Amino acid sequence: MRSHALTASLPASLPVSRDRLGYAQSLLERHSAERSGPTPTLADTPDASLLLFCGDVPVLRVTEGGATCLLTREDAARAGPPSPELFLGRVGGRPAFAGALPADAAALFTGDPAYRVLDARAVAVEGAVPAPEMGVLATAKSLLGWHARHGFCANCGNPTALSCGGFRRDCGSCGTEHFPRTDPVVIMLVTEGDRCLLGRQARFAPGVYSCLAGFLEPGETIEDAVRRETFEEAGVRVGAVRYHLSQPWPFPSSLMIGCEGEALGDALVLDRTELEDARWFTRAEVRQMLERRHPDGLMTPPPMAIANALVRTFADR
């Protein structure tokens, strides 16, 4: 491993705009103190905001300027009370809740032009709701997904019960308290002079190349995860690592930690189980990819993705 002094050899990062970065802005005012006692309920707060999901797909209300994911109790009345009902915190000083309905409840909204039922990824790609709402949407989706997967105690196997407004589940049998988890993921743009390394997986849309990425392992630093994942997937050793920005990614509940790493060589040895392809791109090529004018039809992920922000920082240097 290289010493921390190597970090200084990386060029200073430029300001990265979060305006189009999906889920990175949030109106949510988190009130952990309100979770320790009786929490507000949707039934008792007529002015509350509600993020309503049919299965794992949010319901949006159409507005003059687009749509909003912050619904009212009246919006949800046609479908009956959601279960579970989670108290997220406050938006504009008013209680905000997340609620789940069965997936087939989407039919109660899709026929009404006042609503849209749109996958959370598509909401971000399209910019269907205002950017500051996206972080609230990410919190709601991640928490609801966690509750759907954690109905039983990992310690003794008995059922658990919702607690603290939805930010905890308690086991009545052994007393274990379970808390929502966030999975950290490093996503890195590896550079070598005027070039950067981008790869693609078989599941990507045709022509799309992105940054390499991978989950942190227990007892591992962010810097070492960047180095390990890059070497495992592309055979490239990385020295200096610098953090740039992060992005909540509610699929199901990750935090993307955006970094730049300095390559110590350019020879590629690809892990074909992870990558369909990877190659070095010049700064000029990257600019063409961002602008969708690369002669081979190659492109980067859309602006809502953190990979786009990392690549754009490199291209604008």
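The values are calculated or read from the model by the stated rules, or taken from the named source; none is laboratory data. Keep in mind that this is a model prediction, so the values were computed, not measured. So basically every Cβ, Gly included, is an ideal-geometry build from the backbone, and we count neighbours across all protein chains shown. Heavy atoms of the whole protein, side chains included, go into the accessibility calculation; ligands, DNA and RNA do not. Shrake-Rupley method; radii C 1.70, N 1.55, O 1.52, S 1.80 Å.
Check 106, 100, 67, 161 and return the single one that is in a helix (DSSP H, G or I) and either within 21 Å of the chain's Cα centre (by Cα) or outside the structural domain of residue 252 (by the TED database) (or both).
Details: 100 fails: in a helix (DSSP H, G or I); 67 fails: in a helix (DSSP H, G or I); 161 fails: in a helix (DSSP H, G or I).
Going through 106, 100, 67, 161 in turn, the sole match is 106.
Residues in the range 219-244 that are among the hydrophobic types (A, V, I, L, M, F, W, C) and in a loop (DSSP other than H, G, I, E, B): 1 in all.
Among the residues of the range 133-140, some residue qualifies, meaning at least one is of a type outside the set (Phe, Trp, Tyr) and over 13 Å from the mean Cα position of the chain (by Cα). Scanning the range 58-79 for residues that are among the β-branched types (Val, Ile, Thr), in contact with a Phe, Trp or Tyr (Cβ under 7 Å, 6 or more places away or on another chain) and open to solvent by 40 Å² or more (accessible area, probe 1.4 Å) returns a single hit, 62.
Within the set 95, 82, the sole residue that is buried (at least 18 other Cβ atoms within 10 Å of the Cβ), in the same structural domain as residue 36 (by the TED database) and outside any strand (DSSP E or B) turns out to be 82.
Residue count for the range 109-122, restricted to those that are in a helix (DSSP H, G or I) and either touching a Cys at 6+ places or on another chain (Cβ under 7 Å) or closer than 23 Å to residue 78 by Cα (or both): 3.
Of all residues in the range 245-259, which are part of a strand (DSSP E or B) and either open to solvent by less than 10 Å² (accessible area, probe 1.4 Å) or over 11 Å from residue 186 (Cα atoms) (or both)? The answer is 245, 247, 248, 249, 258, 259.
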